[in-house]
Structures are given as structure tokens and as C-alpha cells.
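Peer 1: Below you'll find the structure I mean.
Rule-based calculations on the coordinates, nothing more; no lab input. None of the values given here were measured: they were computed from a predicted structure. Cβ sites come from the backbone with ideal geometry, for glycine too, and all protein chains shown count toward neighbours.
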Amino acid sequence: MRKHLALAAILPLLAACATGQKIPKPNVALPVAYQLQPTPAPADTPIDKWWMLYNDPQLQSLEDEALRNAPDARSALARLEQAKATRSSALSAFWPQGQIQGQYDRTGTTALQGGEINFPGFGNINVANQGITDSYGGNFNVSWEADLFGRADATRKKANADLSAARFDFEASRTSLEANVADQLFQARGLAIQLDDAKQEALIEAQLADVATKKAKFGFGASSDADQANSQLAQTKAQVTDLTTQLYAARRTLLVLIGHGGDPVDSLPTVPDVGTPPPIPASVPAQLLARRPDVREAAMQITSAKGAYRLDQLALFPTFNLTPGVGLSAASELGAATVTDAWTLGASVVQPVLDIPRLMAQIKVQGFQATQAVIAYEKAVQTAYGESDNALVQLGSDEERVRLLTTGEAEGLSAYAASKKRYQAGIDDLTTVLTAERTWRSARTALTGAEVQALRRSVQAFKALGGGWTPPEIKMANASR
């Protein structure tokens, strides 16, 4: 019998050693990043409010309102608070557990004696009251696990990792919200510029159509020129209608983002001006691992998965519990009271035996989950490298496009103005003017699109690199404090 008990005690320890699955280390090779970009000095200290670098009061106001009131921001905060409560619950499981129990009973007692009351079939029964008995009792029982194998420490490490992951998820959610607000604002402003251009184009084409109609009326031009001008005017008016609808939708989307989806669209002005993106310094690859919240969250997920793996291993070991308790009871009958007290000091040990196969299978499952967490971290790092590299390369390309299109738009405007004067003087025909106008409008539309794209790309770059950086003037102000 003793041999069987010894085997039952040793078997889980041998099983724990046999299930020592090796969790791989992340394979994060530093890429040859940013090959197409200039290599200025690495970025400086990150700041939380990266959007302030745009020096845009409306953007700053919208970002602050979104972080305070947007559903996404409030949901992220609720998830973080839930993670804090979950951590407290997990750690409190290793504190002494217990409850106080109280009891009260009142009992009325009567003695049955024959001779006074006749019950058919039972004879005469005399009923005499014997009194009331009150009973009181109370117990305080405590259970506490004697942690001999490090379960509490493993639980604490896993809980801390889960909370850290939740904090980084909170930061990632807010960063995504911030980028979406800035991107949507710049997109709406781009549509406002296009709408303003389309309205101006409609005014110009209305004037050209009027001139063409008058020329045809007095025999100085063909009626087909007037028809062509009116056709172009109708197309431009249709474009105005379409852009008006798109701008309305963009403003409504932005209001929803900041948590004011029920407000009227007119409460959100969109000035037809985009501005220029702030300079974005280069970032070395290693900085991404410390900046991007999604990468840091993935790293914490590895720690959490390893903690769960360790706890599953410790489930094979015995559990020791101490169970002290005290109790007090009292009873009173016919004026006499009896009081007793008692205490207990117990201990128990639980050793899994028959459920060892299930526990070993669970250890393997958790080991593979930890491996998946490592792979997810590798993917997060590679994604961060790829996004930041692409954002910087594409932003550089967008800025070059803006420079070239700015020159092209200026030349197109000059050519259109000259052609319009020649048409009014009777030198050029209407087709030449419309062609010149169409060329200029096409160049202006391309320029506006490139400017908006550059601004939106700069937002993507800030998000990809994990935040903004302290401008020199702010740095000097902080140093003087």
C-alpha cells in the first residue's frame, strides 16, 4: 500500500518533467530598413499628442474631443479597467479565503400526555406546553493555500503581463483613433477644396457659355460651340452635386468618430485648405520595438502565454491548504443559558492522480499557444518594420509629387488665362479655351489630391513610427523648467 501511495505522489512530478515543452524564442532579424530614404539623425523623444506638430487648432480640438468622448476611446478605457479588475481577482485568489456564518433558531416544545383531549382512534391526549428554546451560533472558517511550488508568483507574473498587454491595447486603440480623426479631417478638407474648385469652374464655364451663346446669336460663332460649352457646364454642375454629397458624408463620419454623430453637419466647419505636413524624422528599426503599442502588446502576450504554461505545469503538483476556524454557540431554555466555543486547525493536501493525462494534454495545448504568441510577435515586428518603411518611402514620393504638380498647376493656370484673353479678343476659338481650362483644372485637381495624400500619408507615418517627436522649441522650454 505504501508503495502505491509513493508512486501516486511521484508520478505527477515525473509527468511535469516529461512535459517540459520548449517555447521558441522570437526570431526578429533587423531588416535593412528605409533604403530609399535619407538617413538623418534618429528621432527624438516621443510625445503623446503627436498631432500638435501640425499646428492646427481645429485638429487639436477634434483629437481632444475624440479621446474624451468617442465610443472607441471609452470602450478602450473600459477594457483597461476590466483588465485591472481581472488582475486583482487573480492575485486575491492566493490571499486567505473565508466567511463568517451566523445562525439563529427558535424552537417551541410541547409534551404530549394522554387523558384530556380525545382524538378518535388515538384516545385521550393531554397537551402541555414545555417552553421556548433559542439557539445562536457563529463560525469563522478560513482557508489558505500554502504556496510551496510558486503558483502565486507565476500567477502574479501572468496577471501583470495581461495588464500590460491591456494597457498597450488601450494605447493602440487611442493611436488608431487619433490617426483616423486626422485622416478623416484632411480627407474632408480635400473634398472641400475640390468642391470649391468645381464651383469656381462652374462660374467660369457659365461665363464661357454665355459668350459662346452671344457669339452664335450675332453670327460670330458656331452654335455648336455654345452647345459644347453648355454641355461642359452641365457636367461640372453634376460634379458639384457629387462632391457636396461626398463632403457631407465625410463630415458626418468625422462627427461619429469624435462621438458627436447626432450633431448637425454644419457644426463641423471644413475650410478648403490642407496645409503642409510637418517634417518627419527617420527612425531606426530598434526604436519601433519600444514605441509601437501593438508590438509591445504582442511581447506581453508571450509573457502571459508562458505564465499560463507554467501554471498548467504546476497543476500537476500537490496543493496544500490550511483550514483554521473558530465557532461559538449558545442556547437558552426556560431561563437557563448554555454557551460553548470551539476552534479547529486543519490541513489538507490534494494530489492529482487520475486526471494527470488531462492535465498533461492541457500543458501541451498551452505550450502550442505560447508558440503561437511568439509567432504573432514576430509578425507584429515585421509588420511594424514594413509599415514604417513603406510610409516613409511613400511620403517622400508624395512630397516630390506635390512639388512637381505645383509647378504644373501654375503653368496650366498661366496658359488658361492667356487662352481666355485670346478667345475674348477673337483670336482663339472656344475649343482651345476649354482645352486650356480642362488642362488647368486637371492639374489643380491632381495637385489637391497629392497635397491631401501627403497629409494623410504623414499621419500614417506618425502612426507607423509609434508617435510624434518633441520639436526643438518645446524641448528647450522643458529644459528651462
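Peer 1: Between D273 and V350, what is the FRET efficiency for a Förster distance of 60 Å, r being their Cβ-Cβ separation, to the nearest 0.05?
Peer 2: In this case the efficiency is close to 0.25.
Peer 1: Suppose we keep just the alpha-carbon trace of segment 332-457; what are its Rg and Dmax in angstrom?
Peer 2: 40.2, 129
Peer 1: Next up: So if we plug the beta-carbon distance of W343 and R156 into 1/(1 + (r/R0)^6) with R0 = 35 Å, what FRET efficiency do we get, rounded to 0.05?
Peer 2: 0.65
Peer 1: Sticking with this structure for a sec: 5 Å is the cut-off here: which amide hydrogens, built 1.01 Å from N in the peptide plane, fall below it relative to G98, excluding neighbours closer than 5 in sequence?
Peer 2: S143
Peer 1: For the pair V265 and Q103, how long in nm is the line joining their label points, each one 7 Å along Cα→Cβ?
Peer 2: 7.2
Peer 1: Given C-alpha coordinates of segment 162-289, what is the ratio Rg to Rh with the Kirkwood estimate of Rh?
Peer 2: 1.26
Peer 1: Separate question: Would you report the distance distribution of C-alpha pairs in segment 212-274 as whole percents per 5 angstrom bin, up to the bin with the largest distance?
Peer 2: It works out to 4, 16, 14, 13, 11, 8, 8, 8, 7, 6, 3, 2, 0, in whole percents.
Peer 1: Related question: Points 7 angstrom from Cα along the Cβ direction at Q424 and Q246: gap in nanometres?
Peer 2: So the two model labels end up 3.1 nm from each other.
Peer 1: With charges set only on the Cβ (+1 for Lys and Arg, -1 for Asp and Glu), what does the dipole of segment 295-369 come to about its Cα centre, in debye to the nearest 20?
Peer 2: I would put it at about 560 debye.
Peer 1: May I ask you to list the aspartates and glutamates whose Cα is less than 17 Å away from that of K84, ignoring any residue fewer than eight positions away on the same chain?
Peer 2: By straight Cα distance, K84 reaches D162, D169, E171, E297.
Peer 1: Then there's this: In whole Hz, with x marking every Gly and Pro, tabulate ³J(HN,Hα) for segment 216-231 from phi via Karplus 6.51 cos²θ - 1.76 cosθ + 1.60, θ = phi - 60°.
Peer 2: Each residue of segment 216-231 in turn: 5, 5, 9, x, 9, x, 7, 5, 5, 5, 5, 5, 5, 5, 5, 5 Hz.
Peer 1: So between L322 and D134, what do we pick up on full extension, going 0.36 nm a residue minus the alpha carbon distance?
Peer 2: Full-extension gain reported as 64.4 nm.
Peer 1: Any of K22/K158; K49/K306; K217/K237; K25/K157; K199/K463 with alpha carbons more than 30 Å apart? Name them for me.
Peer 2: Pairs exceeding the cut-off: K49/K306; K199/K463.
Peer 1: Further, regarding this structure: Based only on Cα atoms, what mean projected area does the convex hull of segment 232-325 have, in nm²?
Peer 2: For segment 232-325, the mean projected area of the Cα convex hull comes to 16.7 nm².
Peer 1: Pop the C-beta distance of E411 and S61 into the FRET formula with R0 = 30 Å and round what comes out to the nearest 0.05.
Peer 2: It comes out at approximately 0.20.
Peer 1: Could you give each residue of segment 236-241 its phi-based ³J(HN,Hα) in whole Hz, using Karplus coefficients 6.51, -1.76, 1.60 with θ = phi - 60°, and x for Gly or Pro?
Peer 2: 5, 4, 5, 5, 4, 4
Peer 1: Treat each spin label as a single point 7 Å out from the Cα along the C-beta direction, and report the W144 to K364 distance in nm.
Peer 2: 4.0
Peer 1: Could you work out the local net charge near G221, counting Lys and Arg as +1, Asp and Glu as -1, over the other residues with Cβ closer than 13 Å to its Cβ?
Peer 2: -2
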